[in-house]
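Have a look at the structure below before the remarks.
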Amino acid sequence: MNRNIRAIIALVFCISYPAARQPRALAQTARSLTGRVTDSQRAGVSGAAVMLYARETGARAKTVTDASGGFHFERVLPGDYVVEASSNGFGRVARALRIEREAPATLDIALEVAGPSEAVLVTAAGTAQTVDEVSKAVSVVTALDIEQRNESSIAESLRTVPGLRVQQLGGPGAFSSIQTRGLRSSDTAVLVDGLRLRDAAGTQGDATGLIEELFTVNSDRIEVLRGSGSSLYGSNAIGGVVNVISDQGGGPAHGQLHLEGGQLGLFRGRAQLAGGFDANRFVYSGGIALLNVSEGVNDTPTRNFSGQGSAQYNFTPKLALSTRIFGNTSFLQLTDSSFAPPPGVTLPPAGSIVTAVPLSVKQQRRLEAGQPIAAGAANYVPNLRDPDNRSDSGFLTVAVVFNQRFNDWFGYRASYQRVNTNRRFSDGPAGVRFEPLFGNSSDFDGRIDTFNLQADAGLGGNHMVTAGYEFERERFLGRDRDENPEPALRVTASTNAGQRSNAFFIQDQFRAMAKRFQAAAAFRVQAFGLLQPEFTGGTSVYSGLRLAPPKTAYTGDGSVSYFFSSTGTKLRAHVGNGYRAPSIFERFGSFFFDGVFSPFGDPRLRPERSIAADGGIDQRFAKDRVQLSATYFYTRLQEVIIFDSTGVVNPATDPFGRFGGYRNTGGGLARGVELAVNAKPNRKLDLSASYTFTNAANRVASSVSGFLRTFVQPRHTFTLVATQQLTRNVDVVFDMFAYGSYFFPFSGRAFKFSGPVKADLGASYNHPLNDRVGLRFYGKVENLFDREYFESGFRTPGAGFTGGASLRF
């Protein structure tokens, strides 16, 4: 373990130990918080979930209301809090609260059937805020939203968020990506409970390779920050942040059992259990989920087993230790990538724009069988089946967080997280396109250790300052093997490389004018160091290199908002710069095929840099039944890393003899407008819709000569979700997304694809057995209008039905 980390851990122990030994003194300052959750008629709402968020430390506590709607939190220290209450059939409500030393604390909350929900948000500033206090563009998708739409993956759950482009290359479990505001998938950081989740062995060192493996196992909500977040969350947060927040647990033991089946041979099961002991001094929550698709689109079966859980023990009101775990193991049958042109077809000259016309399924099957085809008007071939091409992968992230508060204005938090990732790609001679002569496999294993120590201080009643240090160490291990029938010619090679970083950060949040005015400023500096790589199985072009330390990254961030309470209007603005550190693969990566290695990486790469700004207005009216939001955004990628295959990187001039590979170049520009509306016209109807216009272009062409428009990103996106309560126990949900046309490169041409349009219709029936136990039966028709669409040339599912049942207790 790093010496600096050992010293910091020892210091934390010395500071915290005296506090743990003084429970009597702490009890004298601790208070209880009591209250009642009611409906609009002042009747108590039983079984409502009540969350208590501490602003200074981010600590959470949860309880459930009793039969009269009452709730109770023990051992609550003086300070600033946000309380959130929610229950099925009601809007979610959040209230700010300050608990004083002298007086007992009480808070009654009235839930309204009419009116959009108000969730507590923690991602915009790293601390709990109400919707009115947030000065950045943030969206939230709750566990109830996900359940009503019957989504199972994180990616599908985010399709309705403004500014996001979600792409899935096939059916459930297939490769997925999330793009924010016209930028690349690597520009969106993924967090689990505020801590980065990324794959050190990924080509960009981000979470893109994990997106299809992230399922809704035991999450309370997903928050999405749109706009630069590098000052708070480090690398990969150039375009935005997706924060998956685990269920906290607490209250009486409760849980859920869930089973469903449907199209493509789909079976999914999920089990959850949560609760607390000793007046919620110890709280826990956990879940497991299994997805099995026996057929899949284009005969691509997949399996995924996931688990997620958290636990927290409160030693005293000032001292808490929590842990969280999230991981999975999965298998996916792969196909060949789409390509152009089909055999016997001539394309227009390189650099042309071509309207994409797919080869029919019938002709695809003939091509896979080695038979002649009649392409007709088709100009590209969708992904072909490859029976011995597969991916086996998994990840595991474990975090331990220690929280301590000294008084009502100062506290600190220390956390340690490890992320392990592993991925194996195996392929053999079966198939019809560029197949190896014999079986081979490539393994990519990554490990990231992150230690974070931060302090929070409330100064003068209007300022909350956060400052801290972060150490991160990552390791990449790549192994390539083949099954050459000649033992003497078999190849086994490996690359073992690593890098580490030290970061210091500070943020000041300022509130004034009865909290109507909010401002925040943050700064982060991060320095990197490369570890000398090790290579086996042959001589590497990177062996013996003197590795210069990468450039230090400096990022800043500022936001401001003002809320006009009399009119329900909030004005906000946000500006910041971002960065992404080059991944280990981008520095030292290589490609292995038929016993031949080709280097791709460049150890000299500089970090990517960007600057972004956005501004908007949020408006409520009709007694808060309607919420409108409009945002203009602008992001300039000043310098990026691309994989160049156009000949700029060539062996005659490249110091590593590469025929193509990663290099720095000028970036691009993305700007546009996000519009969103949330409305509740009456007590039984919820509507939400969004429209995003995105104009994104690169400064330098990378795949198609002279073509600068950003690939995969449509200019127009539209989403709609309508939830109608037909009776007290019957709900119907209609949701859809519609994307405009987009471009994807094939053979040096820009192919124009019609944007995907997909609508789903679901219905559910809730049958309560008693106050705490109930059954839910539901069905869902996916791709209701059976629209055929292709994602980057990959076939996607047609219309199909999914149904299931769940037991709540």
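The values are calculated or read from the model by the stated rules, or taken from the named source; none is laboratory data. Since we're looking at a predicted model, the values are computed, not measured. Here the Cβ is made from the backbone with ideal geometry for all residues, glycine too, and neighbour counts use every protein chain on show. Calculation scope for accessible area: heavy atoms of the full protein, side chains included, ligands and nucleic acids excluded. Shrake-Rupley method; radii C 1.70, N 1.55, O 1.52, S 1.80 Å.
Things worth noting here:
- Flag if Ala652 is farther than 21 Å from Tyr742 by Cα, part of a strand (DSSP E or B) and not hydroxyl-bearing (Ser, Thr, Tyr): no
Each row is one residue, and each column tells you yes or no for (1) at positive phi; (2) touching a residue at least 12 places away in the same chain (Cβ under 8 Å); (3) touching a Pro at 6+ places or on another chain (Cβ under 6 Å); (4) assigned to a loop (DSSP other than H, G, I, E, B).
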| position | (1), (2), (3), (4) |
| --- | --- |
| Thr63 | no, yes, no, no |
| Asp66 | no, yes, no, yes |
| His72 | no, yes, no, no |
| Arg75 | yes, yes, yes, no |
| Tyr81 | no, yes, no, no |
| Glu84 | no, yes, no, no |
| Gly89 | yes, yes, no, yes |
| Arg95 | no, yes, no, no |
| Thr106 | no, yes, no, no |
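- Of residues in region 399-419 being in a strand (DSSP E or B), of a type outside the set (Val, Ile, Thr) and surrounded by fewer than 18 Cβ atoms within 10 Å (Cβ to Cβ), the one nearest to the chain's Cα centre (by Cα): Arg418
- Of the residues making up region 756-771, those that are in a loop (DSSP other than H, G, I, E, B) and open to solvent by 10 Å² or more (accessible area, probe 1.4 Å) are Leu769, Asn770, Asp771.
- Among the numbered conditions (1) more than 23 Å from Thr65 (Cα to Cα); (2) in contact with a Phe, Trp or Tyr (Cβ under 8 Å, 6 or more places away or on another chain); (3) in a strand (DSSP E or B), the only one that Arg270 does not meet is (2).
- Comparison of Asp193, Asp206, Asp220, Asp187 shows that the only residue that is more than 13 Å from the chain's Cα centre (by Cα) and either open to solvent by 10 Å² or more (accessible area, probe 1.4 Å) or of a type in the set (Asp, Glu) (or both) is Asp220.
- Figure legend. Inter-residue proximity from region 289-306: first residues farther than 18 Å from Arg270 by Cβ, second residues open to solvent by less than 30 Å² (accessible area, probe 1.4 Å) and among the hydroxyl-bearing types (Ser, Thr, Tyr), beta-carbon distance below 8 Å, spacing 6+ or different chains. Indicated pairs: Gly296/Thr302; Val297/Thr796; Asn298/Thr335; Thr300/Thr335.
- Qualifying residues in region 781-798 (those that are open to solvent by less than 30 Å² (accessible area, probe 1.4 Å) and touching a Phe, Trp or Tyr at 6+ places or on another chain (Cβ under 7 Å)) - the one nearest to Glu147 (Cα to Cα): Thr796
- Checked against the criterion of being under 14 Å from Asn407 (Cα atoms), within 35 Å of the chain's Cα centre (by Cα) and at pLDDT below 85, region 36-55 contains one or more residues that satisfy it.
- Test: residue in region 26-33 that is at pLDDT below 85, among the polar types (S, T, N, Q), in contact with a Pro (Cβ under 9 Å, 6 or more places away or on another chain) and in a helix (DSSP H, G or I): yes
- Subset of region 324-341 [within 20 Å of the chain's Cα centre (by Cα) and of a type outside the set (A, V, I, L, M)]: Arg324, Phe326, Gly327, Asn328, Thr329, Ser330
- Filtering Asp80, Asp66 for residues that are of a type in the set (Asp, Glu) and open to solvent by less than 30 Å² (accessible area, probe 1.4 Å) leaves a single hit, Asp80.
- Of the residues making up region 344-387, those that are open to solvent by less than 50 Å² (accessible area, probe 1.4 Å), of a type outside the set (Val, Ile, Thr) and in a strand (DSSP E or B) are Pro358, Tyr380, Asp386.
- Output for region 522-565, where each listed residue is among the polar types (S, T, N, Q), in contact with a strand residue (DSSP E or B) (Cβ under 6 Å, 6 or more places away or on another chain) and open to solvent by less than 50 Å² (accessible area, probe 1.4 Å): Gln526, Thr555, Ser559, Ser561
- Some residue of region 536-544 being farther than 17 Å from Lys136 by Cα, outside any loop (DSSP other than H, G, I, E, B) and touching a helix residue (DSSP H, G or I) at 6+ places or on another chain (Cβ under 7 Å): no
- Odd one out for Gly458 among (1) open to solvent by 40 Å² or more (accessible area, probe 1.4 Å); (2) in a strand (DSSP E or B); (3) touching a residue at least 60 places away in the same chain (Cβ under 8 Å): (1)
- Just one of the listed residues (Phe693, Phe659) is farther than 30 Å from Ile146 by Cα and surrounded by fewer than 18 Cβ atoms within 10 Å (Cβ to Cβ), namely Phe659.
Table: residues versus (1) assigned to a strand (DSSP E or B); (2) in contact with a Gly (Cβ under 7 Å, 6 or more places away or on another chain); (3) open to solvent by 70 Å² or more (accessible area, probe 1.4 Å).
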| site | (1), (2), (3) |
| --- | --- |
| Ser598 | yes, no, no |
| Ser610 | yes, yes, no |
| Asp614 | yes, yes, no |
| Lys623 | no, no, yes |
| Leu637 | yes, yes, no |
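- Within region 480-516, being in a loop (DSSP other than H, G, I, E, B) and either within 29 Å of the chain's Cα centre (by Cα) or not hydrophobic (A, V, I, L, M, F, W, C) (or both) holds for Glu483, Asn484, Pro485, Glu486, Arg490, Lys515, Arg516.
- Residue within region 702-712 that is surrounded by fewer than 16 Cβ atoms within 10 Å (Cβ to Cβ) and under 30 Å from Gly615 (Cα atoms) present: yes
- Members of region 298-327 found to be surrounded by fewer than 21 Cβ atoms within 10 Å (Cβ to Cβ), in contact with a helix residue (DSSP H, G or I) (Cβ under 7 Å, 6 or more places away or on another chain) and assigned to a loop (DSSP other than H, G, I, E, B), listed by number: Pro317
- Ala701 vs. criteria closer than 29 Å to Tyr554 by Cα, among the small types (Gly, Ala, Ser) and in a loop (DSSP other than H, G, I, E, B): yes
- Looking only at residues in region 420-453 that are open to solvent by 50 Å² or more (accessible area, probe 1.4 Å) and under 32 Å from the mean Cα position of the chain (by Cα), the one that is farthest from Gly194 (Cα to Cα) is Phe425.
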